[in-house]
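Down below is the structure, laid out as structure tokens.
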Amino acid sequence: MKISVIGAGYVGLTTAACLAEIGHSVRCADNDEAKLNMLRNGQMPFFEPHLEEVLSRNCKAGRLQFESPVSAVTGAEAIFICVGTPPLDNGEADLSAVANVARTIAQYTTGYCLVIEKSTVPVQTGQQLKRHLQLYARNELRCDLVSNPEFLREGSAIHDFFHPDRIVIGVEREEVATQLREIYRPILEQTFQCPVHAECTHTQKPAWIVTDTNSSELIKHASNSFLAMKISFINMVADLCEAVGADVTKVALGMGMDPRIGPAFLNPGIGFGGFCFPKDVQAFVRIASQAGCDFSLLKEVENINKRRVAHVVEKVRKELWVIRGRKIAVWGLAFKPNTDDVRFAPAIELLHALVHEGATVSAYDPQATEKARAVFPDARYCASPYEAARDAEAILIVTEWEEFRQIDWQRLRAVVDRPLIFDGRNTLDATELTRHGFHYISVGRPPVMSESTGSGEGTPASSPVEGERVADAR
Ligand code: UDX
């Protein structure tokens, strides 16, 4: 099938690359000509594990090309709309990019085509889209509209594309679902080996869910909002645990054993971020309100999340007494590991808060430094976690990168001013840290004092460790 994907962001590029990987002929388009040129030259506009190799393989095989939107829709049999739907000031999704694509499709498609809405959109967008397509069509437009929401996660997008839990299809006519089934057949039947994870043992076939377009659109917003609710719920339980001296890890374990609750998404921390949850929860509240339903439950989910960074800053203040003039290291800037995405990342909000309080902040992230620097230039960005921690009176861990679990604690102990770690994601091993003289404060669990009183008398903080990189990465 001749497929076009409009939008070369996280969802669009992954979709284009993976559809080509399973054998389709794919044209990927974007309004941003500079981005298209980068992609044609084999450069990546963002970091997503394994995406580069899948793109490169399929470009070389001639199954994937980058074109302008007009050229991509001409002659296409199926068009996936994967453009951004960012939040407006009032929380509503900005659908102008979707509307622009609809206009291009209406004016330049030739022959019958499927128009597949993959961007996250408010319920009833499909109906609007259909009207818009008819309105701007040059000639008689023959198309079917499909809602096919995307559930892939940044950082594991390629794996998620090949192993979805479910594929949701919203159609106006049952027969249209058959055409979509054909596009996804290798994934549905799991006849296609996941291309990038040699160790991947996932064998479960995805559920195939066919519904009307309104329900399909709602499935996406309701799913993301529910997951966000789980996170805010466990974050409140974590606060309660801190207040009464309980351990949220054990509480979450006990809760998650109930199959009706499940263990996933019960990790407390500094709050959810990224380009999906914050905007989708906000948009869902608006969608409900416009339909006459007051979804106050979700407003509280948002409120709880908005308080997370302030809660961490308070914990830091409690420990350091005064934040002004203190040197603080922040480890992790991306909104989650394995991505360089800092959009709505709690780390950026934390940098703002700490610098506003008068702290001197040194920050490190394995991938997201440049993107963080672009949105917040007032921190010192470092080339290693050790460099960021040099002379720091506290280290704050915001993103649970694997690299932070592999730290040489003895080496770190020698460069910090005070061995104090705030683990905002409960990602480290308290026993190991305290053994190396660190005072360890995590989320929803009692603080653990270092074996040597936590006042800096642990491992001797002698001369800089050999080979230490001290140069400022700027
Ligand atoms: C999410 C959905 O998971 C995905 O299905 C949808 O298509 C897009 O939105 P993504 O934004 O990539 O994906 O990230 P996800 O892994 O879901 O995490 C979102 C945020 O929640 C992150 O900031 C993460 O740190 C936070 N989180 C997640 C928690 O704080 N606790 C948890 O238990 C899980």
Legend entry - Condition broken by ALA207, with the remaining ones in (1) more than 16 Å from the ligand (Cβ to nearest atom); (2) surrounded by fewer than 12 Cβ atoms within 10 Å (Cβ to Cβ) satisfied: (1)
Inset, instruction - Quick one: in segment 205-226, of everything that is touching a strand residue (DSSP E or B) at 6+ places or on another chain (Cβ under 9 Å) and outside any helix (DSSP H, G or I), which residue is nearest to VAL54 (Cα to Cα)? - result: PRO206
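Go through PRO69, PRO86 for me and flag whichever is farther than 22 Å from GLN290 by Cα, touching a residue at least 60 places away in the same chain (Cβ under 8 Å), open to solvent by 10 Å² or more (accessible area, probe 1.4 Å) and not polar (S, T, N, Q). So that I can check it myself, show each step before the final result.
Numbers: PRO86 fails: farther than 22 Å from GLN290 by Cα.
Going through PRO69, PRO86 in turn, the sole match is PRO69.
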Inset, instruction - Could you check, for segment 274-288, whether at least one of its residues is of a type outside the set (A, V, I, L, M, F, W, C), within 13 Å of the ligand (Cβ to nearest atom), out of contact with any Leu (no Cβ under 7 Å at 6 or more places or on another chain) and more than 30 Å from GLN128 (Cα to Cα)? - result: no
Legend entry - Residue that is nearest to the ligand (Cβ to nearest atom), among those in segment 247-273 that are closer than 27 Å to ALA288 by Cα and open to solvent by 50 Å² or more (accessible area, probe 1.4 Å): PHE265
Inset, instruction - Mind counting the residues in segment 385-401 that are more than 14 Å from the ligand (Cβ to nearest atom) and either open to solvent by 20 Å² or more (accessible area, probe 1.4 Å) or within 10 Å of ARG413 (Cα to Cα) (or both)? - result: 5
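I want to confirm something. Restricting to segment 137-164 and keeping residues that are of a type in the set (Asp, Glu), near the ligand (Cβ under 8 Å from one of its atoms) and out of contact with any Leu (no Cβ under 8 Å at 6 or more places or on another chain), which single residue is nearest to TYR108 (Cα to Cα)? Explain how you work it out, then say what you get.
Going through segment 137-164, the residues of a type in the set (Asp, Glu) turn out to be 140, 144, 150, 154, 160.
If we keep only those that are near the ligand (Cβ under 8 Å from one of its atoms) too, we end up with 150, 154, 160.
With out of contact with any Leu (no Cβ under 8 Å at 6 or more places or on another chain) added as a condition, the list becomes 150, 154.
Details: GLU150: 25, GLU154: 32 Å.
Result: GLU150.
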Legend entry - When residues of segment 369-384 are limited to those that are crowded, with 23+ Cβ neighbours inside 10 Å and free of Cβ contacts under 8 Å to residues at least 60 places away in the same chain, the one nearest to THR427 (Cα to Cα): ALA372
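Looking only at segment 100-126, which residues are touching a Cys at 6+ places or on another chain (Cβ under 8 Å) and either open to solvent by 10 Å² or more (accessible area, probe 1.4 Å) or basic (Lys, Arg) (or both)? Explain how you work it out, then say what you get.
As a first pass, look at segment 100-126 and keep what is touching a Cys at 6+ places or on another chain (Cβ under 8 Å): 105, 109, 112-115, 118-120.
Once the filter is applied, which keeps residues that are touching a Cys at 6+ places or on another chain (Cβ under 8 Å) and either open to solvent by 10 Å² or more (accessible area, probe 1.4 Å) or basic (Lys, Arg) (or both), segment 100-126 yields THR109, TYR112, LYS118, SER119, THR120.
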Legend entry - Residue that is farthest from the ligand (Cβ to nearest atom), among those in segment 1-13 that are assigned to a helix (DSSP H, G or I) and of a type outside the set (Gly, Ala, Ser): LEU13
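Select, from VAL244, VAL176, the only residue that is loosely packed, with under 15 Cβ neighbours inside 10 Å and either in contact with a strand residue (DSSP E or B) (Cβ under 6 Å, 6 or more places away or on another chain) or more than 24 Å from VAL115 (Cβ to Cβ) (or both).
Details: VAL176 fails: loosely packed, with under 15 Cβ neighbours inside 10 Å.
After applying the criteria, what remains is VAL244.
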Legend entry - Selection within segment 402-417 - open to solvent by less than 10 Å² (accessible area, probe 1.4 Å) and either within 19 Å of GLY269 (Cβ to Cβ) or in contact with a Leu (Cβ under 6 Å, 6 or more places away or on another chain) (or both): PHE404
Inset, instruction - Look through ALA16, ALA20, ALA34 and report the one residue that is open to solvent by less than 20 Å² (accessible area, probe 1.4 Å), within 25 Å of ALA99 (Cα to Cα) and away from the ligand (no atom under 16 Å from the Cβ). - result: ALA16
Inset, instruction - Spot the failing condition for GLY292; the list is (1) outside the structural domain of ASP378 (by TED's automatic domain parsing); (2) under 19 Å from GLY444 (Cα atoms), and only one is missed. - result: (2)
Inset, instruction - Might you let me know whether segment 231-240 holds any residue that is away from the ligand (no atom under 13 Å from the Cβ) and at pLDDT 95 or above? - result: yes
Legend entry - Selected residue (criterion: surrounded by the fewest Cβ atoms within 10 Å (Cβ to Cβ)) from residues of segment 127-159 that are touching a residue at least 40 places away in the same chain (Cβ under 8 Å) and hydroxyl-bearing (Ser, Thr, Tyr): SER156
Inset, instruction - For segment 37-51, name all the residues that are surrounded by fewer than 18 Cβ atoms within 10 Å (Cβ to Cβ), in contact with a Phe, Trp or Tyr (Cβ under 9 Å, 6 or more places away or on another chain) and part of a loop (DSSP other than H, G, I, E, B). - result: PHE46
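The values are calculated or read from the model by the stated rules, or taken from the named source; none is laboratory data. Computed from a predicted model, the values in this text were never measured in an experiment. Cβ atoms come from the backbone with ideal geometry, glycine included; neighbour counts cover every protein chain shown. All accessible areas refer to the heavy atoms of the entire protein, side chains included, with ligands and DNA or RNA removed. Shrake-Rupley method; radii C 1.70, N 1.55, O 1.52, S 1.80 Å.
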